[in-house]
Amino acid sequence: MLRMEIALFLVLVFVSFVYFSAERKNTPLHKTFSVILVAMLFHLVFDGATLYTVNHLDTVPRLLNDILHRFFIGSLLFIVYLFYLYIAILVQEEAGNPRRFDPAAAVFLVASELGAIFLPVHYAVTPHGNYSDGIHVTVCYVAVAFYLIMCVRLLLLYGKHLDNKKRFAIGAALAVEICVCLLQGLYHHWLISGMGLTLMTLSFYLTLENPDILRAELTEQKMSMLYLKSQVNPHFLYNTLDAIRIQAQLNGDDKVASLLMRLVDFFRMSVKVDRPMVALDEELELMEAYMELMCYRYPELECRYDIDPELGDVLVPNFILQPIVENSLLHGLKNKGYRGSVTVSAHKARQSGCMELLVTDTGGGFAPGVREKVEDMLLHYQKQPAKLEGNSIGLLNVQKRIKLLCGKDCGLSYTENPDGGVTARLLLRINRETENKS
């Protein structure tokens, strides 16, 4: 058995090295998993130590045996609590479920840890092997059962909001741990609790936290963005337009030359696909070029700006404003003959360290049933199949890239205005280029 604990420890050392050396966002989910990895390494050390001491009761001092067992049980309870917390955070991010039971779970952890520290430890000696039993171990079984029930409850109530990969990962991990707990309860001398927790950790790592999977998602989003841009910005097009602009200027048609210049600017700036993040000023410059052309085409259309000058150097995902503004025009102001206004504003959000970009139109608002479809698409963006056509691909692509590049707590949402029209709200982290270089 001791060999198995050593093998499990070495496996998790390798996983931890790969995980901590990979680039990743420091989201609450990833921070929790990081703590799980570290706690598991300490737990397996105590697990291996107690496997030796409990089978050498005649040579190991009773006090040392008791201390190691208390650390072993205490770390086990803490890890199972962390698994519950990890699943609760995941469900909150995917389903929007408030974590109402977190305080109760924390209180139960404190109570069970106190039991692990102060309750007497008893050892059973059998021909098949020795193990600890009595009230000390009973508290451990009750605590583990409590957290597993909490996890199963989350999966049953909110599993339908998770994509198949995450639902399967959680279900498989819980099934493995429940089976290990049942076997440990039936055969006390097996001492396989460390194996169950290690398998849960590996299940989450391989399916949810693997850096290669996260990089693949980033590549998928970049390819989707490249496709979108390839529909409107081939280099030959803006080079040709620039040639026409020069000819118009030579012919003395300054108005046409000016419009062609803005169109050239739009295509030139939209070609920048090598950077996933750009300064807000650059993103606004692209959007202004687009809106200037649209306002010339539709004279009764107006565009206003309300931008906090302190936010100009904040990094935002590339090419996110133009699809939002275009959506406001096509689905809001088109039905009103493009009569109205679009207002773009950028200010610091109430949420610390974030800003919000607002795109407000005075259009006709959502058609019946459309708002619910848009909200569902944005909420369950990860479950949406990849598609390269349709009216919603621009919004879906924006949502996916914001979540990927800025974190799960950021994103795109819509509200209806009291006076008509809708407002698109983009919540983004305040991250400046100078901060990235430091």
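Quick look at the numbers
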read-out: Sorted peptide list for 298-305, 78-85, criterion being average Cβ within 10 angstrom, highest first; value: 78-85, 298-305
read-out: Fraction of accessible area attributable to carbon and sulfur, the stretch 299-377 (%, probe 1.4 Å); value: 48 percent
read-out: Heavy-atom accessible surface of the stretch 72-224: percent carbon and sulfur, 1.4 Å; value: 74 percent
read-out: Mean Cβ neighbour count within 10 Å, used as a protection proxy, ranking 329-339, 117-127 highest first; value: 329-339, 117-127
read-out: Cα centroid separation, the stretch 105-140 to the stretch 276-305 (Å); value: 66 Å
read-out: Computed E for MET377/HIS188 - FRET, C-beta separation, R0 45 angstrom, nearest 0.05; value: 0.30
read-out: Ratio Rg/Rh, restricted to the stretch 97-156 and using Cα atoms, in which Rh is the Kirkwood radius; value: 1.12
read-out: Ranked packing of 186-197, 66-77, 93-104, most packed first, by mean Cβ within 10 Å; value: 66-77, 186-197, 93-104
read-out: In nm, spacing of pseudo-spin labels at ALA243 and ILE307 (7 Å Cα→C-beta vector); value: 3.3 nm
read-out: Probe 1.4 Å, all protein chains present, accessible-area order of VAL344, VAL256, largest first; value: VAL256, VAL344
read-out: Percent accessible area from carbon and sulfur atoms, the stretch 1-64, protein chains only, probe 1.4 Å; value: 71 percent
read-out: Kirkwood Rh, Cα atoms: Rg over Rh of the stretch 34-178; value: 1.04
read-out: Estimated [θ] at 222 nm from DSSP helical runs (n ≥ 4, -39500 (n - 2.57)) normalised by residues in the chain, nearest 500; value: -20500 deg cm²/dmol
read-out: Mean Kyte hydropathy of 0.0 or more with a Cα span along the axis of at least 18 Å, helices from DSSP in the chain; value: 2-21, 28-54, 62-95, 102-118, 135-158, 164-186, 235-250, 254-270, 393-406
read-out: Accessible area expressed per residue, the stretch 69-141, with surrounding protein chains retained (probe 1.4 Å, Å²); value: 43 Å²
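The values are calculated or read from the model by the stated rules, or taken from the named source; none is laboratory data. Just so it is clear, the structure is predicted and the values come from calculations on it, not from any experiment. Please note: Cβ atoms are built from the backbone with ideal geometry, for glycine as well, and neighbour counts cover all protein chains shown. Heavy atoms of the whole protein, side chains included, go into the accessibility calculation; ligands, DNA and RNA do not. Shrake-Rupley method; radii C 1.70, N 1.55, O 1.52, S 1.80 Å.
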